Every structure is written in structure tokens, then in C-alpha cells.
């Protein structure tokens, strides 16, 4: 079959660009990063790092060109906080980063792994050093979520993948009315 369409995506010849061998502390594996481009042009990856127990946390890696010379935080950037967020009991994983111009912050929607299965949790940051956690915003079984960067009709929109009786499907959920917000309404 003759493909008339140009190639949209191509794996970089150096893939994988980061491996567990690059990590400054012991880990089993590194994968599934959220990615964003910072205002200074730096590529930031918020990587899922699985520790030696099999529990995951998130760690930042930065690169000027998004390919090499990665600067990796020397310690985990965002660890599960089981005391304040018991839904993170088995770890946190699969971050999705969206810049929210209205709030001048980045949203990190991630999977919190509870004893009941995966659920969707939310944190905000403006520097990837300090985080405002909002906890679980979609209960188990639900994961692979991302917040849209702008409100739609006055509501924050979240795309996510709940698992129900008939399997997993992509859903859109909305919040932000005066009765309730996914993130703080101004």
C-alpha cells in the first residue's frame, strides 16, 4: 500500500533517551513520563519511577534540547503521601501535565493507586518543586486522565478512562460550576 501521508512521529535514534541507569538513586524502572516545555525552552519530563518495592513515585528530569544532557532531581520529586492522601497507598504514576494559563500553574493529573485500584488525582505547581495536592478527583477504577488547558463553557474539562462493567472507555467530565470545582475557582 502506498502511503500518501507524511510521517507524523518518528522515534528518536537515541531512544530510550532515559533509562534506570541514568537515575541518581536506586530504582527498578523509569517510564511513562508527563512532558511539558517550560517558558525558558527547557523540556521537563515528570517520570514515573518504580522503586525496589514495586511502588511508584514521580521524578523530574530536565533537558535544554529534550534529547540529552538530562538533569535529574537527585531525590524523588513527588512521593506518595499516604498519611494525608491514603488513596496513594500503593504509589502514584502516569502523570499528565497541562499548563493552565488562567491559574498560571501546571496541573498534574496522575494515577493514585489505592487498595481499591487506580483512581485519578490532581496536583498543581508553578515550579515543579512545590505541589498543591487536591487528592482523588475520580474514584477507582479510573486512570489515564488529563485536564484541558482552558475552561469549556465555564467548566474545567477532564478526559479520563473509567473502567466499568463493559470495560474501559474514554470519558469527558466537567467541573467548575459555582457548586464545585476540580481546581479552585477564582
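Computed values, structure above
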quantity	calculated
Candidate set from region 156-186 (those that are within 17 Å of the chain's Cα centre (by Cα) and at pLDDT below 50); member that is surrounded by the fewest Cβ atoms within 10 Å (Cβ to Cβ)	183
Residue check, residue 106 surrounded by fewer than 21 Cβ atoms within 10 Å (Cβ to Cβ) and either touching a helix residue (DSSP H, G or I) at 6+ places or on another chain (Cβ under 6 Å) or in a strand (DSSP E or B) (or both)	no
Answer from 119, 91, 153 - the residue that is surrounded by fewer than 16 Cβ atoms within 10 Å (Cβ to Cβ) and more than 20 Å from residue 43 (Cβ to Cβ)	153
Any hit, region 119-129, residues being free of Cβ contacts under 8 Å to residues at least 24 places away in the same chain and part of a strand (DSSP E or B)	yes
Qualifying positions in region 38-58 - closer than 16 Å to residue 71 by Cα, free of Cβ contacts under 8 Å to residues at least 40 places away in the same chain and surrounded by 16 or more Cβ atoms within 10 Å (Cβ to Cβ)	43, 45, 47, 49
Region 59-88: number of residues that are surrounded by 14 or more Cβ atoms within 10 Å (Cβ to Cβ) and either without any contact (Cβ under 8 Å) to a residue 12 or more places away in the chain or closer than 26 Å to residue 13 by Cβ (or both)	8
Residue that is surrounded by the fewest Cβ atoms within 10 Å (Cβ to Cβ), among those in region 19-37 that are assigned to a loop (DSSP other than H, G, I, E, B) and out of contact with any strand residue (DSSP E or B) (no Cβ under 8 Å at 6 or more places or on another chain)	26
Which numbered condition residue 84 misses (of (1) farther than 26 Å from residue 145 by Cα; (2) part of a loop (DSSP other than H, G, I, E, B); (3) at pLDDT 95 or above)	(1)
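The values are calculated or read from the model by the stated rules, or taken from the named source; none is laboratory data. All figures in this text were calculated on a predicted structure; none of them were measured in a lab. Don't worry about glycine lacking a Cβ; one is built from the backbone with ideal geometry, like all the others, and counts go over all protein chains shown.
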